[in-house]
Each structure stands twice: as C-alpha cells, then as structure tokens.
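Asks: Structure in structure tokens, see below.
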Amino acid sequence: MNSLPIVALIGQTNAGKSSLLNRFAHKNIAIVAREEGTTRDNVTAKIDERFILIDTAGLKDPSDEFEQGIQDQIADAIEVADLIILAVDSTKYPDFRDREIAKKALKSKKPVLLALNKSDLGESLAFPEFRSFGIKENNSFSVSATTGQGIKDLKSAIFHNLPKSSPRPAQSAEKITLSLIGRPNVGKSSLFNSLGKKQQAIVSSRQGTTRDVNRLEIKYKNQSIEILDTAGLRKPGKREVGIEKFSAIRTLAAIEESDICALLVDATEPHSKLDQSLAGEIIKAGKGIIIVLTKADLVEDTDAILDKLEYDFNFLPFAPVLITSSETGKNVTKLFELVTEIYDTRKLEIKTSDLNKILAEAIIEHKPAGLKNTHPKPKYIVQTDTCPPWFVVHGHDLGLLHWSWKRFLERKIREKYPFVGTPIFFSFRSDKDKGDK
C-alpha cells in the first residue's frame, strides 16, 4: 500500500510557513511568532487524508549557523517531498536567497508551487516582482494564512500536481496504523520482522540500513494492523549529509499518519534526550504511545533499566512499557494486545454528567489557583473529540488558571478513565473570551 504523498513547505524565515500549515490544518499546530526562526521542530499535518504537509524549518542543529539551516531545509524537502511549496513574504522584494531556494527547488524536477503569502496586506507585491524565480504564473498563488485568501486555489493545485498513484482513500476505521519509532540500530527492523514472521525488512548491524518506511499489514484477532518500520533518527547535529538525514521527514510523516507509535529504547544503551524528544513529537501529534524496551535478552538487570525509564519519561506516566526481545520472541505478540487496547481507549467518550462529577470533586479537593491573585472558577466540562480525547472546560478567568491545577484535573480524570497509552488534551474557555488553550 502506498503512503500518503509528502508536500513540503520551504522558504526563508518569517515567510509565514507555520501560519500556512495552521491554516491548512485548521488548528494551531506550529508555534507562530513575529521573531524569525520561531519554528524549531518539524511540524506535520495530515490534510484531507490526501497528503502530509510538513514545515521542515526545524531540521537543523540550533548550534549551527542559521544560513546552513536554510540549506538543510531545502535539501531535505527536495530529496523527500513529492511536491514543494515555496512560501515567500509578498510584502518584501525577493532577494538572492529566495532566488537560490527557487532555483534548487526547480532543479529537483518535482512540482513546485509558489505561495505569495501575506497578500491581504496593502504593501503586498504582485507576481511580476517574483518572475525571476522561474516559476510559471499559473503555479503562483496569492494567499493569506491570516484570512484564508487563496488557500482553496492553492490546495486544488496541490491535488492536481500530486503523483496520481500516491493518494489513497481514507483509512478504514477498522484498521490500526502502528509506527515503530526510535534511534538507529535500536532494533526496529528486527521487531518488524518478528511481528510479521517473515523477512520484510533488511536486518543489519550497520546503522541506517532502513532508508524508507517499510509497511506490513497483519491480522490479530480479526483486527487489521498496518505496521510502519521507519528509519532511525540521530540527533540533528549528528545526522550525516545524505539519505539518512532525509529519513527524518519520512519518520515525522509516519508519526502523523499513525494511530499509535511504539517508541523503541535499547536496553543495552543509556536513554538519550533524543528518545525523550521523539516521545514529545509523538505526544504533540496526539498519537498513542508504547515504550518498547528492546534487546532485553542482552541485559541481566531490567529493574534498574525500568527505574531509569520511569525517571527519564516521567512526563509520560500513562505510557505502558513493554520489555521485548526479537531474538527470543519475548512479549512480541503482547505488543498487539496493547495496540488494540490503546486504540479502543482513544475512541472512548465520557458522559458529560460523569465528567462534571469529576470536575466538582476536583474543585472541592483542590481549589483552583490562579495567577496574579485571581480566583478562576471552572463551571463545567465537556468532551469535544476523540482520537485523541479532547476536553473543554468552561468558566471564569480560566486564562489565568495555574498549570498545576490543569495537571491535577488530568490526574483526576485518569484515576477513573486511565486512557492508557494516549495523551489527552484540554481547552479552557472563559465566559468573557473566545478561549484559552
């Protein structure tokens, strides 16, 4: 089965790439600010079940010179993407950097669309000012991430230019997509093979063997599960120039495509900040998560390792930990049980009356604290979404509600509804405003 095609947003900082992604996705995924270089992490979104949109601005080591980060961004997008969108700030005359980016994008022979962002502003420039890019006028779109102007036409052009064989119909609700995520040589391909009971992926001790996302569909108790084996990710500064570095985009796109991610951690090596960072990416994407300790047959004291795992991933108390060995087969099929359990949990809907009972108990047990000597008053709570579960709390002055009480409310909900392996999200809406998240 083909994966969803990848559409990459490239361009200079402050061109509005993150805002464009948010507009496409209809939600605030990326961090948006006026300062240049605000986006520091790759951000992805699945758009209309047709393609993965990715803002690659964060594919750089923060210690690198920013100019090199721009070049990395271009190279990654050109290598991996099926279609490229060059975003520019239409209120500024193009400079040599814009022209260089356009030149490299066109040289890739991939479809390239030009998004003239901020076109709603009076000082925006018309297409002729950008003709030097070499992009045809019918592939240029005046858009506004703020107002939505031109977004529909740009999206139509994306659909028209995507490879005909790549788009696939919306995934059936009966199929679960599981991604194996982790550092190189952590045992993803071995687990992938063990799960499928056949050599679908090349297993090698050499790091970086898996270059793309391999797929395998299996049946477990009449439940279809599609398993994605992704290439390993190193720390940004240690990614070698070449295809290993490009695999980062595919991995992040696989996270976005998945229902649940198995984060593999090597029992024979200390856990790294990259493991924690990968976990953070999975949670930000709202996906289910299982921490899988691999190569357990090679260590004697798993208790000490579990203690360290609990310390390193204390921000994921809801994530189950599975000790496995692909060599001996230990607990390999247990992964399927956890996947189906988490998938069902993600779809759980709690009655409003039950939620408000929990809210009332929480208020009595721990009076809500507010910033600046305020006294926020939560009034009622409703669940507005599933996969992942999302709750909206209404009341007075909730924008000043202290973060510790928000965390306390989550713990109270999880006491009765554990939501094993899945993050849950909250919005806090005050009567006097449109909402604070």
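Since every read-out is calculated from the coordinates, none of them should be taken as a lab result. As the structure is a prediction and not an experimental result, all values here were calculated from the model. FYI the Cβ positions are ideal-geometry reconstructions off the backbone, even for glycines, and counts take in every protein chain you see.
Asks: Assuming R0 = 25 Å, what is the FRET efficiency of Phe96 and Asp153, from their Cβ-Cβ distance, to the nearest 0.05?
Replies: FRET efficiency, Phe96 to Asp153: 0.30.
Asks: Ok, one more. At Thr302 and Glu217, where each label point lies 7 Å from the Cα along Cα→Cβ, what is the point-to-point distance in nanometres?
Replies: Each label point lies 7 Å from its Cα, and together they span 3.3 nm.
Asks: Give me the net charge for the shell around Lys188: Cβ to Cβ below 11 angstrom, other residues only, Lys and Arg +1, Asp and Glu -1. If you can, show how the numbers build up before the last one.
Replies: Numbers: positive: Arg183; negative: Asp229, Asp266.
Taking every other residue near Lys188 into account, the sum is -1.
Asks: Next question, about the same structure. Can you tell me what percent of all Cα-Cα pairs in region 352-430 are more than 14 Å apart?
Replies: Considering region 352-430, 59 percent of its Cα-Cα pairs are separated by more than 14 Å.
Asks: Also: So what's the net charge close to Ser325: Lys and Arg +1, Asp and Glu -1, counting the other residues with Cβ under 9 Å from its Cβ?
Replies: 0
Asks: Give me the Kirkwood hydrodynamic radius of region 86-162 in Å, from all C-alpha pairs, to one decimal place?
Replies: This gives a value of 12.6 Å.
Asks: Relative to a virtual label point 7 Å from the Cα of Arg131 in the Cα→beta-carbon direction, which members of region 78-108 show backbone nitrogen distances below 16 Å?
Replies: 94
Asks: Pop out the ³J(HN,Hα) list for region 390-402 in order, Karplus 6.51 cos²θ - 1.76 cosθ + 1.60 with θ = phi - 60°, rounded to Hz; leave Gly and Pro as x.
Replies: 9, 10, 10, 9, 9, x, 9, 6, 6, x, 9, 5, 5
Asks: While we're looking at this one, here's another question. With the Cα gyration tensor of region 303-375 in hand, convert its eigenvalues to equivalent ellipsoid semi-axes via √(5λ) and list them largest first in whole Å.
Replies: In descending order, the three semi-axes are 37, 20, 8 Å.
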